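The values are calculated or read from the model by the stated rules, or taken from the named source; none is laboratory data. Note that the structure is a prediction, hence the values are computed from the model and not measured. Cβ atoms come from the backbone with ideal geometry, glycine included; neighbour counts cover every protein chain shown.
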Amino acid sequence: MALNNLLSVIFTEAELAQMDQALTMFEAVLLGKTIHLTPEQRQQHGRIAEQNKLFVNKAKGIMEQYPQHVPVFIDKPEFDRDFTARAQLEARYQRMSSILEQLSDTKTLLDHDNYHNAITFYRNIKYLAGENVPGTTFLYEDMRQFFISSTTGEITEPNRRKMENNEEKSSEKDE
């Protein structure tokens, strides 16, 4: 049974160059203005949840209304710069997150299509090698290495993805 192609997309060289140019421009704007945290630092500082963002917004509003109550040890101009920069970045972050999700989802479907076509090709080569079709034994042996378990040394099916449905799994048992 032939597999359905879940997605077909083609990017022209001009489109790829345009995307790369936009990314380069984006990176240039951020150069020297962003930080890369270690996993430990990310865990230490964490992220504020929506409820805490509301709290920060409320504190900002009250500080604006009642500047006499802002303690002298809070650098209010720096607080304001941080507040503004966070809001500016958050809007772009949300847009970028949406783009990253679209890229990830599209890549997932393309990976799925490629993987299943590669499995189909491998099964055909395995069949042809079993029928002693000239030149296919080498191809089968070359591809078979991806199916040898590192722990048992036995030939196994390739690393199966969770997305495969039961019908595909049952058809493999018939091999």
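Could you tell me which of the residues Thr12, Thr34 is loosely packed, with under 10 Cβ neighbours inside 10 Å and over 30 Å from His112 (Cβ atoms)?
Thr34
Looking for whichever is out of contact with any Lys or Arg (no Cβ under 9 Å at 6 or more places or on another chain) and surrounded by 10 or more Cβ atoms within 10 Å (Cβ to Cβ) here; the options are Gln21, Gln65. Which one fits?
Checking each option against the conditions leaves just Gln21.
Here is a check on your reading of the model: is Met163 loosely packed, with under 14 Cβ neighbours inside 10 Å and either at pLDDT 85 or above or over 22 Å from Val9 (Cα atoms) (or both)?
In short, no.
Check off (1) free of Cβ contacts under 8 Å to residues at least 40 places away in the same chain; (2) of a type in the set (Lys, Arg); (3) assigned to a helix (DSSP H, G or I) for Arg123 and give me the number that stays unchecked.
Among (1) free of Cβ contacts under 8 Å to residues at least 40 places away in the same chain; (2) of a type in the set (Lys, Arg); (3) assigned to a helix (DSSP H, G or I), Arg123 violates only (1).
List the pairs whose first member sits in segment 93-113 and is closer than 17 Å to Met19 by Cβ, whose second member is assigned to a helix (DSSP H, G or I) and not acidic (Asp, Glu), and whose Cβ atoms are under 8 Å apart, counting only residues at least 6 apart or on separate chains?
none
When you go through (1) more than 20 Å from Tyr93 (Cβ to Cβ); (2) touching a Leu at 6+ places or on another chain (Cβ under 8 Å); (3) not hydrophobic (A, V, I, L, M, F, W, C) one by one for His45, which number turns out not to apply?
Here His45 clears every test but (1).
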